[in-house]
Amino acid sequence: MREINLDRLRTLLTVADLGSFAAAAKALHLAPPTVTLHVAQLESRLGARLLHRAPAGVTATSAGSLLIDKARRLLAEADDLLQAVQRQIAARGGRVRLGASTGALAHLLPQALEALSARHPEIDVQVAVVTSEESLARLAAGSLDIGIVALPQPALRGIRVQAWRRDPVLAFIPTDWHPPKQVTAAWLAARPLIANDRGTRLSRQTAEWFAAAGERPQARIELNYNDAMKSLVAAGYGAALLPHEAGAPAPDARIGVRPLKPALWRALGIAHRTRLDDEATQAALAALLEMRGR
């Protein structure tokens, strides 16, 4: 026996409290030889006698008394832990670890989290700001439960990705540039640009959009925070290509928002492990899926 088993400790405590192997066997609904074996295994593991056996009854040795005192607290904590987990399960409580980009966190997730909180206030949602690649890696490693990811994504064993929403990518341009009603790649490439961080899916999409028109512009700055990019646009620093997200406030009056020609779309999906083993994650996933298409 490599580790000390809690059941063995419980047997030892019962024998010491009742002063009898036979009484402990009856109280624990175990056969008397099993009780004797449990104590013998503990004594063998620790290399010390834990109980004095005498006709008048069983008493603890010095080593046994020390172990019993520690074991009593340990078993009480274990019982408390199990009861707490059972209460959470009964109440559909628990913790859900969710990963998303800053854009989704700012304008898309709050609606889903509000709906989830109204229905299941006992569920604790812990949010991490991560890229799509990081979300998938952490899902596979078991350190994340749900990830909001850009589409498409490669198939991964044990991970399911459901289409969630499709938002248009628009041009955010300083109004004093007098932008046309529709913005082309050639028109934008001739002006200062504020680009998404190169590690994001949106950065690759916009680069492909420019490349399809034969343009390969160099950005003045790369960021991964949409609101900061909009602030720079308002200040006249450059133009940016960003998704138009539901729930986002109206842009600064100094920003003109124009559709792209040809149009460009940003698709998002919800990634999670194929097997959902807890009800808290299922409830969070349902709240997110209800926002599909809004």
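Only the coordinates and a few stated rules stand behind these numbers; no lab work does. Computed from a predicted model, the values in this text were never measured in an experiment. Positions of Cβ are generated from backbone atoms using ideal geometry, with glycine treated the same way; all protein chains shown enter the neighbour counts.
So if R0 is 51 Å, what FRET efficiency would R73 and Q111 give, r being the distance between their Cβ atoms, rounded to the nearest 0.05?
Using R0 = 51 Å, I get an efficiency of 0.65.
Calculate for the chain the 222 nm mean residue ellipticity that helices alone would give, adding -39,500 (n - 2.57) per DSSP H run of length 4 or more and normalising by residue count, nearest 500 deg cm²/dmol.
Estimated from H runs of four or more residues: -13500 deg cm²/dmol.
Please report the antiparallel percentage of the DSSP beta bridges confined to the chain, to the nearest 5.
If we restrict to bridges inside the chain, about 65 percent are antiparallel.
Between (i) 102, 36, 33; (ii) 67, 43, 28; (iii) 121, 38, 29, which entry matches Cα extents along the principal axes in Å as derived from the coordinates of this structure?
Answer by label: (i).
With a Förster radius of 22 Å, plug the Cβ-Cβ distance of Y225 and A250 into 1/(1 + (r/R0)^6) and report the FRET value to the nearest 0.05.
According to the calculation, E is roughly 0.70.
Please work out whether the range 167-265 counts as rounded, prolate or oblate from its C-alpha gyration tensor, where a ≥ b ≥ c are the square roots of the eigenvalues and a/c under 1.5 means rounded, while otherwise a/b larger than b/c means prolate and anything else oblate?
rounded
Cα centroid distance between the range 10-85 and the range 225-247, in Å?
Each part reduced to its Cα centre gives a spacing of 67 Å.
If we count every other residue with Cβ under 12 angstrom of S231's Cβ, Lys/Arg +1 and Asp/Glu -1, where does the sum land?
Local charge sum for S231: 0.
I'm checking a number: the convex hull volume of the Cα atoms of the range 1-81, normalised per residue, in Å³. What is it?
Spelled out: Cα convex hull of the range 1-81, divided by residues, is 89 Å³.
What FRET efficiency, computed as 1/(1 + (r/R0)^6) with R0 = 51 Å and r the Cβ-Cβ distance, is obtained for L81 and A56, rounded to the nearest 0.05?
FRET efficiency, L81 to A56: 0.85.
For the chain, compute the number of Lys pairs whose alpha carbons are separated by less than 29 Å, excluding pairs fewer than 8 positions apart on the same chain.
Final tally of qualifying lysine pairs is 4.
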